[in-house]
Amino acid sequence: MSSALNPFRPIRAVIEFVGGLTYLLLDAFVTIPSALLSKRGRRLGWQNLWFQMDRVGVKSIPIVALVLFCIGAILALQMAPILDDYGALAQVADIIGIAMFRELGPLVAAIVLTGFAGASITAELGSMVVSEEIEALEAGAISPIRFLVVPRVLATTTMMICLAVVADLVGTAGGMFVSKAFLDIDARQYLERVFAIVKMQDFLTGLVKAGVFGTLISGLACFLGLNVTGGAEGVGNATTKTVVYTIVALITVDLMFTGVFYYLGL
């Protein structure tokens, strides 16, 4: 029956996709203790974990910092004329502080990380599937989940939280630079207003989002990479899907978080 005659086929495909992703993440989280603490897991897991943290997180700091600095500067320049009309130019710092720590810092850093690391994880795992390296691991009684998925999920989740902190600070610094250079707002006054308006709960809610975003990025990248079919063309298609699906998922999950936090008064 064609999809035109079976309107439930797309819904079934979505459910199967979400179910497969959920199963993969649950399997990875269940495997984490043995992957990190057992003797065999320590030998295979820790070295991979440090390598993935460096590749996913440390090497993405410059591009994340550049993007967030520019966004902070853009926000300051865009809001300044309107706020100045109401005699509230100094509130540029308030708006940038809240926007960065609660929303833009984690979200933009996650989107940048999707293109920087998510696509590469999918391409790497997809190439391993095509070259039958995954089957070789399984033939050697090595779990692909423990050896490949767990280090990438842990590294991306951990480094996403760290990148969110960097994004918050650099984005705020971008707004401060523009405020000092073009808006005649003293840097000390800017920082005082940021520290006064940004509460600990704003910072922590951003970190919670960042942790979930990191898990989502790595989970989707690993799931699509391990399910590659069709040779080299399939690897390219999976890489494209990873970027598109992950960005859509990030924004959707961010909306859900924002709604929940608003309902809870956080």
**Fill in**
From the option list LEU255, LEU266, single residue qualifying as in a loop (DSSP other than H, G, I, E, B), open to solvent by 40 Å² or more (accessible area, probe 1.4 Å) and among the aliphatic types (A, V, I, L, M) is LEU266
**Prompt:** Among the residues of the stretch 116-138, which ones are within 14 Å of PHE223 (Cβ to Cβ) and crowded, with 24+ Cβ neighbours inside 10 Å?
**Reply:** GLY118, ILE121, THR122, LEU125, GLY126
**Message:** Any residue at all in the stretch 139-150 that's of a type in the set (S, T, N, Q), at pLDDT below 90 and open to solvent by 10 Å² or more (accessible area, probe 1.4 Å)?
**Reply:** yes
**Prompt:** What residue, among those in the stretch 187-234 that are assigned to a helix (DSSP H, G or I) and charged (D, E, K, R), is farthest from LEU169 (Cα to Cα)?
**Reply:** GLU233
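Each row is one residue, and each column tells you yes or no for (1) open to solvent by 10 Å² or more (accessible area, probe 1.4 Å); (2) under 23 Å from LEU77 (Cα atoms).
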site: MET159; (1), (2): yes, no
site: GLY171; (1), (2): no, yes
site: ALA181; (1), (2): yes, yes
site: THR242; (1), (2): no, no
site: ILE247; (1), (2): yes, no
**Residues (over 21 Å from THR246 (Cα atoms) and not aromatic (Phe, Trp, Tyr)) located in the stretch 138-164** = GLU138, ALA139, GLY140, ALA141, ILE142, SER143, PRO144, ARG146
**Request:** Go through the stretch 87-166 and tell me which helices (runs of 4 or more DSSP H), entirely inside it, have 2 or more residues that are touching an Asp or Glu at 6+ places or on another chain (Cβ under 6 Å).
**Result:** 105-113
**Request:** Would you check which residues across the stretch 49-80 are β-branched (Val, Ile, Thr) and surrounded by fewer than 20 Cβ atoms within 10 Å (Cβ to Cβ) and list them?
**Result:** VAL58, ILE61, ILE63, VAL67, ILE74
**Request:** With the checklist (1) open to solvent by 80 Å² or more (accessible area, probe 1.4 Å); (2) without any contact (Cβ under 8 Å) to a residue 60 or more places away in the chain in hand, flag the one item LEU83 doesn't pass.
**Result:** (1)
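The values are calculated or read from the model by the stated rules, or taken from the named source; none is laboratory data. What you see is a predicted model; the values in this text were computed from it and never measured. Positions of Cβ are backbone-derived with ideal geometry, glycine not excepted, and every protein chain shown enters the neighbour counts. Keep in mind that these areas ignore ligands, DNA and RNA; they rest on the heavy atoms of the full protein, side chains included. Shrake-Rupley method; radii C 1.70, N 1.55, O 1.52, S 1.80 Å.
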